[in-house]
Structure formats: structure tokens, C-alpha cells
Amino acid sequence: MKIDIGNRHKKIKIEKRKIRETAGAILSAMGCTSVELSILFMDDEGIRGLNRDYRKKDMPTDVLSFPMREGEFGDMNPDILGDVVISLDTAKRQAVGRGETLHEEVNLLLVHGILHLLGFDHERSATESRAMKAKESEMLKLIRI
């Protein structure tokens, strides 16, 4: 398993070791032990540009997932899972709003993003939304141990 982590946020630092351990635990629990995953942290301005360019929504968001196993060439390299991009600005605001730490919010967003890479999609139907929510809860319990 290969997990690359980058932080383009100029003011908020993250603990790459903890993020790598958390992502590794999630992937292992999901049976993905030989995949490559990229995680990128950025500010609201950066994620807004990605959200605008790829989802046609001109606003910042908390997390974006870019799966490499989908589309016409999705089976070309099945070991590359994809990219998860997290806005640390939005994560920090959401953490404050929920009364949680930034680390806890980042973990939630990381779980959410990885599940999207694995094909979960809460926007397709109410049934899939419930399934994704249940899997998120399961993964969050696992990484809190």
C-alpha cells in the first residue's frame, strides 16, 4: 500500500504520520491492501477552483474525491485508487461547529473521501446514502480504537 500526502495549506499543519496510519487502517479494513492513494490538503481557494472545474460548483467544499477506477480507462491500473483532496479551512470551521478537533474532522473527511473512491455515493439514492453513512460510522469506530 502506498499513501502519498501533500499539504499546500500555508498556515495549517497536519501530522502526515497520523494521516498515513488512519488512511492505511481504513484501506486495510476495506480489503485494499495493495493500492495507491494520494491525499492532498489545501485551503478554501484551492479546493474552490477544483470544485468549480470538475463539479461546476463555484464554491469551496470540504472534500473532493477523484477515483481512478472509474470511466473508460478505469481498469487500466486497478492498483491506483485515486485522490482525496481536503480543505483544511472548511474542515476547521466544521470542527468548531461540531465541537470536535480538527484531527477528528479530518478523519471524518478522509473516511468519506476514501469511501467515494471505493464506489460509495450518498448522492445517488437514499439507500446508497444510508449504506455510506453506515460504512462511515463503522470506519470511524475502527480508527478511534
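Annotations for the structure displayed:
- Annotation: amide H-H contacts under 5 Å for LEU118 (H modelled 1.01 Å from N, sequence separation of 5 or more, or interchain): none.
- The stretch 63-131, relative contact order [Cα under 8 Å, separation at least 6], %: 32
- Charge dipole of the chain about the Cα centre (unit charges at C-beta), most positive-ward option of ALA23, HIS103, GLY49: HIS103
- Using Cβ point charges alone (K and R +1, D and E -1), the dipole size of the chain about the Cα centre works out to roughly 500 debye.
- In the chain, the calculated helix contribution to ellipticity at 222 nm averages -16000 deg cm²/dmol per residue, counting -39,500 (n - 2.57) for every DSSP H run with n ≥ 4.
- Shape class of the stretch 32-112 from the alpha-carbon gyration tensor: oblate, with a/c at 1.5 or above and b/c at least as large as a/b.
- In the chain, the convex hull through the Cα atoms has an average projected area of 8.9 nm², a quarter of its surface area.
- The stretch 24-88: GluC sites (Glu not before Pro) in DSSP coil with no more than 16 other Cβ atoms inside 10 Å: GLU70, GLU72
- Stretching the chain fully between GLU138 and ARG17 yields a gain of 41.4 nm (0.36 nm per residue, less the alpha carbon separation).
- When only alpha carbons of the stretch 30-69 are considered, Rg and Dmax amount to 12.4, 35 Å.
- P(r) tail, the stretch 73-145: Cα-Cα pairs separated by more than 19 Å, 45% of all pairs.
- Positive-end residue, the chain charge dipole about Cα centroid, Cβ charges, pick of LEU115, LEU140, SER65: LEU140
Coordinate-derived values only; no laboratory data. What you see is a predicted model, and the numbers here were worked out from it, not measured in a lab. FYI the Cβ positions are ideal-geometry reconstructions off the backbone, even for glycines, and counts take in every protein chain you see.
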